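Report on the structure given below.
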Amino acid sequence: MTDSPSGLSAWHALQNHQRHAARFDLRELFAADPARFGKFSVQCGKILFDYSKHLATEETLRLLVELAHERALPVWIERLFRGEKINTTENRAALHTALRSREAVTLDGRNVVADVEKMLSAMQRFCAEVWNGTRGSSGGRAFSDVVNIGIGGSDLGPAFVTEALGPCARPAPRLHFVSNVDGAHLAGVISGLAPETTLFIVASKTFTTQETLANARSARAWLAAALGEKAAGRHFAAVTANPAAAREFGIEASAIFEFWDWVGGRYSLWSAVGLPIALAIGMDHFDELRGGARDMDEHFRHTPLGRNAPVLAGLLGVWYINFFAAAAHAVLPYDQRLRRLPEYLQQLEMESNGKRITRDGAVAAHSTAPVIFGAAGTNGQHAFYQLLHQGTQLIPADFIACCRSLHDLPGHHDILLANFFAQTEALAKGRSGAEAEAEMRARGLDKAQVTRLLPHRVFPGNRPTTSILLPELDPRALGALIAFYEHKTFVQSVIWNINAFDQWGVELGKELAGRLLPELEGGVPVSSHDASTTGLIAHFKKYR
Ligand code: F6P
């Protein structure tokens with residue numbers, strides 16, 4: 001197989017096709033085909049994915065699916081699920097799907113699903129002990145608060161899911177998350193807590209992450225100051241693939257939850273990294289979350305590419321990034337509880353596919369991951385949607401909403417959904433010059449005003465969106481939604497021929513920070529950097 005997708009015949013066919021597609025008009029596409037919604041939407045369980053508001057015809061999808069076949073996507077999907085070591089730079093499998101599988105998955109001669117089941121039983125026991133107080137504080141009291149200390153994949157997933165599933169939460173313990181090494185984060189969280197009844201979970205795959213260890217050490221000092229050094233140890237649990245380091249930190253072996261090198265940090269919320277989720281919402285709900293992901297895994301593995309929700313999402317992303325030069329993608333959840341989804345997806349997509357080197361070590365001749373951004377609707381409408389509607393860039397967007405809300409404030413959900421539907425329609429159809437003129441005349445504007453304002457009041461439309469409708473925000477639907485994005489990310493990595501499961505790009509900054517820290521601590525003037533960095537350090541030291 002050719003290294004670069006741009007050498008493939010489907011790629012060339014798509015380049016030719018784009019010359020027509022650049023003139024596609026969504027109003028005309030809908031007018032020409034009354035069955036367009038049915039043809040371009042896909043249901044996975046109870047979740048509806050509507051792709052009909054895309055700059056795509058059946059021919060576009062046919063060519064995109066052909067591209068996926070030319071890149072051997074079905075073979076790669078099997079390699080992923082079977083646990084082949086497709087993370088070649090680290091010689092690891094990427095088996096997040098095994099974390100929710102009911103079937104055995106063998107890796108190096110071992111059924112890893114049996115290991116997952118043991119881990120889930122241990123999580124279940126731990127949660128029950130925390131809830132019933134048998135695993136309580138050094139003073140024998142039940143824990144009222146649990147603080148998860150972790151960063152990146154050891155924070156974003158659990159923090160996002162715990163908030164999203166808030167309505168399922170048990171009354172106690174209360175969950176908190178500390179990620180930033182900025183002391184303001186930890187200080188802010190612990191200022192409202194009692195050391196006697198606070199449990200810390202240190203979540204770190206490597207157990208070497210500078211920020212997490214600094215926060216964990218400060219948490220231990222806070223506990224030790226109130227309870228004594230010896231008692232502090234009882235107030236910690238760890239989730240890690242490096243249990244020896246957790247033991248060395250002083251965490252009891254019975255409170256260390258292991259996971260494995262075949263679980264990537266940003267794909268890890270289904271593992272023991274989900275311990276805060278299980279503590280907050282209970283093991284049954286955690287199982288449902290995993291069940292939702294399993295539903296999506298089955299859909300992804302067994303549905304033909306042309307009706308496969310994550311495949312279509314990935315391919316349509318490729319369509320805009322590589323053939324329309326789109327550089328950003330918006331994620332717009334019309335659900336306050338999903339407000340952290342964009343942030344979660346930033347790590348998932350940008351850390352996975354934000355790469356310029358292909359699997360074969362060559363510089364990619366094509367663009368890869370876009371900038372992911374977004375905010376909960378309707379807030380974003382009053383902030384950055386101006387650019388989506390009338391800016392100079394094409395920014396495809398995912399709109400996500402639930403049919404039923406889990407609150408009972410009258411009227412709110414209909415207002416929310418009216419905005420959801422209105423935005424995708426406005427982005428697709430825009431407002432023509434004639435419509436803008438008629439609207440201004442109807443409001444009584446005179447001819448001069450109409451002429452002056454007309455260019456500003458026109459919306460070009462043809463801004464592509466996917467609408468995703470969940471029945472309601474329950475654990476099953478959320479699990480499926482997250483797995484949908486995991487698989488979409490994988491599809492794009494296969495098309496772009498990049499390894500989605502390493503993250504070498506985060507190393508350089510870490511190394512430099514490690515080398516720089518002693519220079520900040522010492523009183524000696526620093527001169528080993530470029531003039532800008534040297535000047536900034538000198539300024540900092542003068543005014544610290
Ligand atoms: O620096 C990036 C990263 O390695 C992420 O991939 C990871 O999720 C995060 O840091 C935290 O790493 P760890 O769980 O090992 O502390």
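Take every Cα-Cα pair in segment 303-429 and report what % of them are more than 25 Å apart. Mind dumping the intermediate values first?
Details: 2603 of 8001 pairs.
When all Cα pairs of segment 303-429 are counted, 33 percent exceed 25 Å.
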Point to revise | Taking the chain and dividing mean pair separation by its residue count, relative contact order in percent (alpha carbons under 8 Å, at least six apart) | key: 18 percent
Check your understanding: Taking segment 354-503 as the region of interest, what is the percent of Cα-Cα pairs per 5 angstrom bin, listed from the shortest bin to the one with the maximum distance?
Key -> 2, 7, 13, 14, 14, 15, 12, 9, 6, 4, 3, 1, 0
Study note, to complete from the structure: If each K or R counts +1 and each D or E counts -1, the residues other than Gly514 whose Cβ falls under 13 Å of its Cβ total -3
Revision key, fill the gap. Amide H contacts under 5 Å for Thr466, restricted to residues at least 5 apart in sequence or on another chain and with H modeled in the peptide plane, are Ala397, Asp398, Phe399
**Study point:** Rounded to the nearest 10 Å², the accessible area of Lys447 at probe 1.4 Å
**Key:** 140 Å²
Check your understanding: Counting only residues 5 or more places away or on other chains, whose amide H sits under 5 Å from the amide H of Gly461 once H atoms are built in the peptide plane?
Key -> Gly430, Arg431
**Study point:** Protein accessible area in segment 98-287, 1.4 Å probe - carbon and sulfur %
**Key:** 49 percent
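Apply 1/(1 + (r/R0)^6) to the Cβ-Cβ distance of Glu435 and Ala13, taking R0 = 60 Å, and write down the FRET efficiency to the nearest 0.05. Please report the intermediate quantities before stating the final value.
On the way: r = 36 Å, r/R0 = 0.59.
Computed FRET efficiency for Glu435 and Ala13: 0.95.
Just subtract the alpha-carbon distance of Ser527 and Glu252 from 0.36 nm times their residue separation and send over the number in nm, one decimal.
Stretched out fully, the Ser527 to Glu252 stretch lengthens by 94.6 nm.
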**Study point:** Solvent-accessible area per residue for the chain (1.4 angstrom probe, square angstrom)
**Key:** 43 Å²
Check your understanding: Got a number for the accessible area of Asp474? Probe 1.4 Å, square angstrom, nearest 10.
Key -> 50 Å²
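Just add up the charged neighbours of Val181: K/R +1, D/E -1, any other residue whose Cβ is under 13 Å from the Cβ of Val181. Intermediate values should be presented prior to the final figure.
Working: positive: Arg217, Lys510; negative: Asp155, Asp182, Glu211.
Every neighbour counted, the sum reads -1.
Quick check on my link table: of Lys355/Lys488; Lys510/Lys541; Lys230/Lys510; Lys39/Lys429, which ones sit more than 25 Å apart, alpha carbon to alpha carbon? Numbers along the way, then the final one.
Working: Lys355/Lys488 16 Å; Lys510/Lys541 21 Å; Lys230/Lys510 32 Å; Lys39/Lys429 19 Å.
Over 25 Å Cα-Cα: Lys230/Lys510.
Please work out how much length the chain gains when fully extended from Glu507 to Thr106, using 0.36 nm per residue of separation minus the C-alpha to C-alpha distance, in nm with one decimal.
Values: separation 401, 0.36 × 401 = 144.36 nm, distance 3.11 nm.
Gain on extension, Glu507 to Thr106, equals 141.3 nm.
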Point to revise | Per-residue ³J(HN,Hα) for segment 31-47, Karplus 6.51 cos²θ - 1.76 cosθ + 1.60, θ = phi - 60°, Hz, x for Gly and Pro | key: 5, 6, 9, x, 8, 4, 4, x, 5, 9, 10, 10, 10, 10, x, 9, 9
Study note, to complete from the structure: Per DSSP loop assignment and a cutoff of at most 16 other beta carbons within 10 Å, the chain keeps its longest run without exposed GluC sites (Glu not before Pro) at 253-471
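Return the carbon/sulfur percentage of the accessible area of segment 446-524, one whole number, probe 1.4 Å, all protein chains in place.
Roughly 63 percent, rounded to a whole number.
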Point to revise | Surface share of carbon and sulfur [accessible, 1.4 angstrom probe, percent] for segment 327-373 | key: 49 percent
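As a test of reading the structure, rank Asp25, Asp408, Asp261 by solvent-accessible area (1.4 Å probe, protein chains only), most first. Intermediate results must be reported in sequence, preceding the final value.
Numbers: Asp25 45, Asp408 140, Asp261 80 Å².
So, going from the largest accessible area down, we get Asp408, Asp261, Asp25.
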Exercise for review: Could you pull out every one of the aspartates and glutamates with an alpha carbon less than 16 Å from that of Lys447, ignoring same-chain neighbours closer than 8 positions?
Suggested key: Glu435, Glu437, Glu439
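Based on the alpha-carbon gyration tensor of the chain, what equivalent-ellipsoid semi-axes (square roots of 5 times the eigenvalues) come out, in whole Å, largest first? Write down the numbers at each step before the final one.
On the way: eigenvalues 357, 153, 139 Å².
The answer is 42, 28, 26 Å, longest axis first.
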Review point. Ignoring ligands and nucleic acids, what accessible area does Lys488 show with a 1.4 Å probe (Å², nearest 10)?
Key: 10 Å²
Check your understanding: Each residue of segment 15-27 in turn: what ³J(HN,Hα) in whole Hz from Karplus with 6.51, -1.76, 1.60 and θ = phi - 60°, glycine and Pro shown as x?
Key -> 4, 5, 4, 4, 4, 7, 4, 4, 9, 4, 10, 4, 4
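For Val494, Val524, write out the residues from largest to smallest accessible area, computed with a 1.4 angstrom probe and no ligands counted. If you can, show how the numbers build up before the last one.
Numbers: Val494 10, Val524 105 Å².
Descending accessible area places them as Val524, Val494.
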Check your understanding: To two decimal places, what compactness ratio does segment 258-324 give when its Cα radius of gyration is scaled by 2.2 N^0.38 Å?
Key -> 1.45
Revision key, fill the gap. Kirkwood radius from Cα pairs of segment 1-116 plugged into Stokes-Einstein at 25 °C, 0.890 mPa s, gives D in µm²/s equal to 140 µm²/s
Exercise for review: Would you please give the residues with an amide H less than 5 Å from that of Cys402, counting only those at least 5 places away or on a separate chain, with H modeled from the backbone geometry?
Suggested key: Leu470
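For segment 98-287, go through all pairs of different Cα atoms, get the mean of 1/r, take its inverse, and jot down that Kirkwood value in Å. Display every interim value, and only then the final one.
Numbers: mean 1/r = 0.0606 Å⁻¹.
That comes to 16.5 Å for segment 98-287.
At 222 nm, what value in deg cm²/dmol follows for the chain if DSSP H runs of at least 4 each add -39500 (n - 2.57) and the sum is divided by all its residues, to the nearest 500?
Working: 22 runs with 256 residues, N = 544.
After summing the helix terms and dividing by the residues of the chain, the value is -14500 deg cm²/dmol.
The values are calculated or read from the model by the stated rules, or taken from the named source; none is laboratory data. Since the structure is predicted, the reported quantities are computational estimates derived from the model, not experimental observations. All Cβ positions, even for glycine, are placed from backbone atoms using ideal geometry, and neighbour counts span all protein chains on display. To get the accessible areas, we keep the full protein, side chains included, count just its heavy atoms, and leave off ligands, DNA and RNA. Shrake-Rupley method; radii C 1.70, N 1.55, O 1.52, S 1.80 Å.
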